[in-house]
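Here is the structure we will look at, set down as structure tokens.
The values are calculated or read from the model by the stated rules, or taken from the named source; none is laboratory data. Model, not experiment: these values are computed from the prediction. Using ideal geometry, Cβ is built from the backbone for each residue, glycine included, and neighbour counts are taken over all protein chains shown.
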Amino acid sequence: MTKKNNQPIGVLDSGIGGLTIWKEIVNLLPHESTVYIADSKNCPYGSRPREEIYRLVRRLVQFLLEKQCKLIVLACNTITVSCLDTLRDEFPKVPIVGAVPVVKTAAEQTKNCKIGILSTTRTAKSKYQKDLIERFAGNCEVINFGTNKLVPLIEEGENNTSIIRIIEVKIQPFKDAGVDVLALGCSHFPLIRDQIQKILGSKVLVLDSGEAIGRQVKRVLQGRIQRANLSNKPWHEFYTTGKTERFSEILASIGYNKPVRKIDL
């Protein structure tokens with residue numbers, strides 16, 4: 001049962017990708033408890049209509065609120081660019097933090113003012129991301145490219161050969177443009193970061209947004225919510241609407257052997 005003096009942070013994603021963000025949150029806030037929910041049954045979200053994405057995500061938010069979560073993290077760029085403002089309007093009593101590509105950091109780190117952003121197609125085309133680029137990287141050449149082909153392969157645990165073949169094609173525009181920084185705009189992509197880095201070469205800096213989102217969560221908690229009771233031992237719960245095997249495999253790969261429960265929403 002949820003402890004009143006240690007309400008958890010809720011993290012939701014379309015699948016396993018958000019675990020890369022969840023890990024950073026736990027690293028930065030080791031005294032906080034968490035509840036993670038993945039809509040693996042309906043993953044990927046990238047090619048779905050916005051109205052459908054909102055309908056699916058709304059159930060996840062309600063599930064986390066039933067778990068008495070004091071803050072909710074949308075650990076998915078596609079969900080963030082599709083639903084963040086609407087969710088904040090509908091659920092104003094709980095802070096909701098979105099996931100976005102680290103455009104500001106990419107602009108700060110580039111040496112030749114050429115940065116790439118790899119995300120899902122919906123995220124790449126969104127006004128949300130375009131506004132970020134204009135705000136933080138307006139003086140840079142930005143190659144903003146989206147693909148919906150990688151997430152299903154990552155989610156299902158396809159072999160590296162299939163993934164690398166797609167990466168080689170999707171990464172080529174960034175290589176042709178000579179970018180020296182690539183921002184990963186999908187929570188699933190850090191799970192294939194090593195393959196991306198190898199194809200791009202060591203001279204290209206590959207960034208993901210996990211740590212930045214963790215810092216944002218920490219700022220929101222410090223500014224709006226009383227810190228968790230440090231005498232409590234933090235606890236973590238994991239739920240998925242789909243299969244648990246791949247979820248458990250990714251959890252184990254990042255050092256957590258925790259049970260994953262399948263639920264119907």
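Within the option set E108, E90, being among the acidic types (D, E), in contact (Cβ under 8 Å) with a residue 12 or more places away in the chain and surrounded by fewer than 23 Cβ atoms within 10 Å (Cβ to Cβ) holds for one residue only, E90.
For every residue, the table says whether it meets (1) of a type in the set (D, E); (2) within 18 Å of the chain's Cα centre (by Cα).
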| residue | (1), (2) |
| --- | --- |
| L87 | no, yes |
| K93 | no, no |
| V102 | no, yes |
| L118 | no, yes |
| S126 | no, yes |
| D131 | yes, no |
| E134 | yes, no |
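E108 falls short on exactly one of the conditions (1) touching a helix residue (DSSP H, G or I) at 6+ places or on another chain (Cβ under 6 Å); (2) at pLDDT 95 or above; (3) of a type in the set (D, E, K, R), and that condition is (1). The residue that is farthest from the chain's Cα centre (by Cα), among those in the range 137-152 that are in a helix (DSSP H, G or I) and surrounded by 19 or more Cβ atoms within 10 Å (Cβ to Cβ), is L150. Among strands (runs of 3 or more DSSP E) entirely within the range 153-265, having at least 1 residues that are exposed (fewer than 14 other Cβ atoms within 10 Å of the Cβ) and at pLDDT 90 or above singles out 260-262.
Would you pick out the residues in the range 68-123 that are of a type in the set (K, R) and either in contact with a strand residue (DSSP E or B) (Cβ under 6 Å, 6 or more places away or on another chain) or within 27 Å of H236 (Cα to Cα) (or both)?
K70, R88, K93, K114
Of all residue pairs spaced 6 or more apart or on separate chains, those with beta-carbon atoms under 9 Å, a first member in the range 125-147 that is farther than 13 Å from N77 by Cα and a second member that is surrounded by 14 or more Cβ atoms within 10 Å (Cβ to Cβ) and among the aromatic types (F, W, Y) are I143/F174; F145/F174.
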